[in-house]
1. Quick one: which residues, 5+ away or cross-chain, put their amide H under 5 Å from the amide H of Ser6? H built at 1.01 Å from N.
2. May I ask for the Kirkwood hydrodynamic radius of the chain, worked out over all distinct Cα pairs and given in angstroms to one decimal?
3. Using label points projected 7 Å from each Cα along Cα→Cβ, tell me how many nm separate Glu40 and Glu13, to one decimal.
4. Students often check this: by mean Cβ neighbours within 10 Å, which of 43-53, 2-12 ranks highest, and how do the rest follow?
5. Using θ = phi - 60° and the Karplus relation 6.51 cos²θ - 1.76 cosθ + 1.60, list the HN-Hα couplings for segment 6-19 in order, rounded to whole Hz, with x at every Gly or Pro.
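Quick note: the coordinates plus some simple rules give every number you see, no bench work behind them. The structure displayed is predicted, hence computed values, not measured ones. Cβ placement follows ideal geometry from the backbone for every residue including glycine, while neighbour counts extend to all protein chains displayed.
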Amino acid sequence: MRACKSCMRITEEEKCPVCKSQTTQYWGGYVAVLDPENSEIAKRLKIKTPGQYALKVR
């Protein structure tokens, strides 16, 4: 698994399918957001779309 260096979305691709930025295999933490409009965590992390996200990306 890899994480996008820009939007922090978790993916298996070399480039993020959402924002087209580079991804890295060096990341930590994990959060799954199902309903970003009603999620306090999503609001704090500024996540607008449902998906899987890394909490820290190096």
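1. Here the answer is none, since no amide H 5 or more places off falls under 5 Å of that of Ser6.
2. In the chain this quantity evaluates to 11.2 Å.
3. About 3.4 nm separates the two model spin labels.
4. Going by the mean number of other Cβ atoms within 10 Å, highest first, we get 2-12, 43-53.
5. Each residue of segment 6-19 in turn: 9, 9, 6, 5, 8, 8, 9, 8, 6, 10, 5, x, 8, 10 Hz.
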